[in-house]
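Have a look at the structure below before the remarks.
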Amino acid sequence: MDDVFKAINDPSRRLLLDALFEADGQSLGELADRLPQMTRYGVMNHLRILEEANLVTTLKQGRSKFHYLNPVPIRLIHDRWISKYAEPRVGAIAGIKAHLEQGGARMSKPVHIYKAYINAAQEAVWDAIVNGDQTVQYFYGTRVESDWEVGSPIVYYQGDGSIAADGEIISIDAPKRLEYTFQARWDPELVAEGPSREVWAVAEVNGMCELTVELYDVAPDSKTYDDFVNGFPYIVSGMKSLLETGKGLPPPY
C-alpha cells in the first residue's frame, strides 16, 4: 500500500482524484484544465503515478484516453484499518458522481471501471465469477446460476431462494471475458429504472490476475448508479480477499 499513500500525498494528485470523483471518464485535456498552472506533461506524470498506484484506470477509444477513479485500493485500506473502529454501517465507499449522458442507446464508454490485482490463477478468478459456491461468499450473499451460453439467463439468488437480480448473457469468452445485463430486483425503484450492463475481464499480468469490471447503461444521478457504484468496491475487494486468503469480507452493514 506504500504506492497508494505516496500517490495521495501530493495535493495536485488529490485534486485530480477529486476531479474524477466529481466526473469520471475524463480526458487528459479536461483534467489539465483543473490544473491550469501546470503543463500537460506535468499532469500526465501525476496521472501516471496515480495509475501505477491503481487509483486511476484508463480506457482507450481510438486516439482518446479516458481516466476513471478506481476506489478499490481505498476500500482495501478501509477494510484493513478503518472498519475495525468505524460504525458498522460504514461499509461502502461514498458514491462517485459522473456527468455522462446515456441517451437511448447502449453506452460505448463505461460509466465506471473497477480494477483489482489478485494473486490467483486466471482460472480461479473466472471460477469465482461463475461459481455460485464462490459468489455467495463475496457477492452480498447471492448465488449465481446460469448455463453460461450466449442468450441464456443469469440469475443471482438470495439465501431464501428469492431472486436478487437477473439478466441475460450477451457474450462470453471463458476464462477471459463475460458481458451480461443486470436487473436488480431487490428494490421497485431499481426495477423501474431498467437493467445495467456489466463486463468482467480477467487477464494474466506478471504472474497474477488483473480483474476489470466495467459498468454501462446506467443513468447519472439514478438510484441504480448510486447503489452499484457504492456496492462494487465491496464485491471486488471481497473476491480478492476470498481468493487470496480463503475468506470473504464481513458484511458491510
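All of the numbers you see were taken from the coordinates with simple rules; none came from a lab. Since the structure is predicted, the reported quantities are computational estimates derived from the model, not experimental observations. We place every Cβ from the backbone using ideal geometry, glycine too, and count neighbours over all the protein chains shown.
Pairs with C-alpha atoms separated by more than 31 Å, drawn from the list Lys6/Lys65; Lys65/Lys240; Lys60/Lys247; Lys109/Lys247, are Lys60/Lys247; Lys109/Lys247. Within the chain, the selection of entire DSSP H helices by a Cα span of 30 Å or greater along the long axis and an average Kyte-Doolittle value of at least -1.0 returns 223-245.
Lys/Arg Cβ at +1, Asp/Glu Cβ at -1, dipole of the chain taken about the Cα centre: which of Ala121, Asn54, Pro110 is farthest positive-ward? It is Asn54, whose Cα lies furthest towards the positive end.
Largest GNM mean-square fluctuation across Asn206, Asn230, Asn70, computed for the chain with C-alpha springs under 10 Å, falls on Asn206.
In terms of surrounding Cβ atoms within a 10 Å radius of their Cβ, Trp186, Trp200 rank from fewest to most as Trp186, Trp200.
What size of dipole, in debye to the nearest 20, comes out for segment 1-69 about its Cα centre when the only charges are +1 on Lys and Arg C-beta atoms and -1 on Asp and Glu C-beta atoms? Mind dumping the intermediate values first?
Values: 9 positive and 10 negative charges, 58 e Å.
Taking the Cα centre of segment 1-69 as origin, the dipole is about 280 debye.
In a reduced charge model with +1 at each Lys and Arg Cβ and -1 at each Asp and Glu Cβ, the chain shows a dipole moment near 880 debye about its Cα centre. Taking a sphere under 15 Å around the Cβ of Ile113 and counting the other residues whose Cβ falls inside, with K and R at +1 and D and E at -1, yields a net charge of 0.
Give me log10 I(q)/I(0) at q = 0.12, 0.21 Å⁻¹ for segment 1-69, Debye formula, one equal scatterer per alpha-carbon, no solvent. Debye curve over Cα of segment 1-69, log10 I(q)/I(0) at q = 0.12, 0.21 Å⁻¹: -0.26, -0.82. May I ask which residue of Thr245, Val191, Phe5 lies farthest towards the positive end of the charge dipole of the chain, with charges of +1 (Lys, Arg) and -1 (Asp, Glu) on Cβ and the Cα centre as origin? The residue sitting most towards the positive pole is Phe5.
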